[in-house]
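Student: I have a structure here, written as C-alpha cells, and I will follow up with some questions on it.
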Amino acid sequence: MTPTGCIRRARRSGAEPVAQRLAVIADCHGNADALRAVLADIDREGAARIYNLGDHASGPLAARETLSLLRGRGDMLSIRGNHDRYLLGDPARMGPSDAVARAQLGTAELDWLAALPATAREGAVHLCHGVPTSDLRYWMQAVTPAGQVVQRPLAEVAGEIPAGEAAEVHLCGHSHLPGSLQVPQGSLIVNPGSVGLPAYDDHQPVPHVVENGDPAARYALIERGAAGWVVSHRRVPYDPSRMVALARRHGREDWAHALATGWFPRPPAGQRARSHPAGGATGP
Ligand SMILES: [Fe+2]
C-alpha cells in the first residue's frame with residue numbers, strides 16, 4: 001500500500017520506470033472478495049493513486065468488510081454514488097439490497113459515506129459517478145424505449161462536460177460497463193467497469209438489463225503517455241463463491257447468478273423480471 005501523498009514510480013521487470021500510473025475502480029457494491037483481488041492487482045502493477053467512483057457498499061454481500069478495505073487505503077480518493085446516498089436515507093424506505101448493506105453499517109461507516117463528495121478534481125483528472133451533474137445517468141450509454149442499452153450519440157456525451165471544465169480525463173462509473181471514449185474537445189472519458197457486480201437490471205428510465213457476460217472484476221489503469229493518455233482495462237478473475245453464498249443467504253438468486261456468471265438471470269416466460277439487484281431506493 002502506498003502511504004498518503006507518496007507518489008510511487010512503479011518498475012516492472014525489464015521496463016522503464018512508469019510515472020503517474022493511476023488506478024480507477026468503481027461500483028464495488030459490497031463485493032469484498034472482488035475488491036481484495038483488484039487491490040492486489042493494483043499493488044502488483046503499481047499506482048500512485050486510486051480513484052474510487054462510488055456505489056461502494058450497497059448489495060446483499062459484505063458491506064462493512066468492503067468499506068473497511070476502502071477506508072484502509074491512504075492512497076485512495078473516493079467519491080459517492082447514488083447507492084451511497086441511498087444508504088444515508090431512511091432504512092424503512094430502502095430497496096432490499098441497500099437495506100441489507102445498511103444493517104451492516106455503523107456510525108463510522110455512515111460518517112465516512114456522508115463525507116464523500118459527489119465529484120472531485122485532482123490534477124488533470126475529474127471524477128464523477130454517473131455524469132458530472134447526476135449520479136443517476138449513464139455517461140456513454142443510452143437506454144432506448146425498448147430497453148436496449150446502446151452507445152450514446154457523441155454530441156450528447158460531449159455535452160455533459162461542464163463549461164470551463166478543462167480536465168484531460170473524466171472518470172465515470174454507474175453503468176458497470178468498461179469503456180473509453182474521446183470527445184471532440186479532446187478530453188477522454190473512461191469507465192473502469194464494476195469491481196463487484198458484473199450484471200444487473202434496472203427499471204429507470206425504462207426496464208433494462210446490463211450484462212458484461214463475464215464474472216471477473218474490472219478496473220482500469222491510466223497514465224499519461226507522450227501522445228496522450230494510455231488506458232488499460234483490467235480483467236481480474238477471483239473466486240466469487242463466498243459472495244454467491246452471501247447473496248443466496250439473503251434470498252438474492254439474481255445477484256448469485258450475476259456474480260457467478262456475469263449474466264442476469266432471465267425469468268421463466270410469463271413471469272415479470274425482478275428489479276435492479278443493486279436495489280435502488282425506488283425498487284421494491
Ligand atoms: Fe450507481
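Just so it is clear, none of the values below were taken in a lab; they were calculated from the coordinates. Note that this is a predicted model, so its numbers are computed, not measured. All Cβ positions, glycine included, derive from the backbone under ideal geometry; neighbour counts span all protein chains shown.
Student: Let me know the charge dipole size of the range 22-261 about its Cα centre in debye, to the nearest 20, where only the beta-carbon of Lys, Arg (+1) and Asp, Glu (-1) is charged. Intermediate values should be presented prior to the final figure.
Tutor: On the way: 21 positive and 27 negative charges, 54 e Å.
Dipole about the Cα centre, nearest 20: 260 debye.
Student: For the chain, modelled as a Gaussian network with Cα springs under 10 Å, which listed residue fluctuates most, V236, V183, V131?
Tutor: Looking only at V236, V183, V131, the largest GNM fluctuation is found for V183.
Student: What number do you get for the chain when its Cα radius of gyration is normalised by 2.2 N^0.38 Å, N = residues?
Tutor: Working: Rg = 18.0 Å, N = 284, 2.2 N^0.38 = 18.8 Å.
Relative to the 2.2 N^0.38 Å estimate, the chain comes out at 0.96.
Student: Sticking with this one: Tell me, what ³J(HN,Hα) does each residue in the range 210-215 have, in order and in whole Hz, if you take phi through Karplus 6.51 cos²θ - 1.76 cosθ + 1.60 with θ = phi - 60° and put x for Gly and Pro?
Tutor: So the Karplus estimates, Gly and Pro as x, are 10, 9, 8, x, 7, x Hz.
Student: A further question follows. Sort I189, I161, I222, I25 so that the residue with the fewest other Cβ atoms within 10 Å of its own Cβ comes first and the one with the most comes last.
Tutor: By the 10 Å Cβ count, ascending, the order reads I161, I189, I222, I25.
Student: Measuring from label point to label point, each 7 Å out along Cα→Cβ, what is the R64 to D214 span in nm?
Tutor: Placing both labels 7 Å beyond Cα along the Cβ direction yields 3.4 nm.
Student: Here is a further query. With just the Cα atoms defining each centre, how far is the range 223-239 from the range 72-126? Give it in Å.
Tutor: 25
Student: Also: Rounded to the nearest 0.05, what FRET efficiency do A227 and A124 give with R0 = 22 Å and r taken as the Cβ-Cβ distance? Could you check?
Tutor: After rounding to 0.05, the efficiency reads 0.90.
Student: Compute a Gaussian network model of the chain, connecting alpha carbons closer than 10 Å, and tell me which residue from P91, P237, P184 fluctuates the most.
Tutor: Most flexible of the set in this elastic network: P184.
Student: May I pose another question? Quote the Stokes-Einstein diffusion coefficient, in whole µm² s⁻¹, for the range 163-273, based on the Kirkwood radius over alpha carbon pairs, a temperature of 10 °C and a viscosity of 1.306 mPa s.
Tutor: 100
Student: Continuing with this model, one more query. What fraction of the DSSP beta bridges in the chain is antiparallel, stated in percent and rounded to the nearest 5?
Tutor: Percentage antiparallel, nearest 5: 70.
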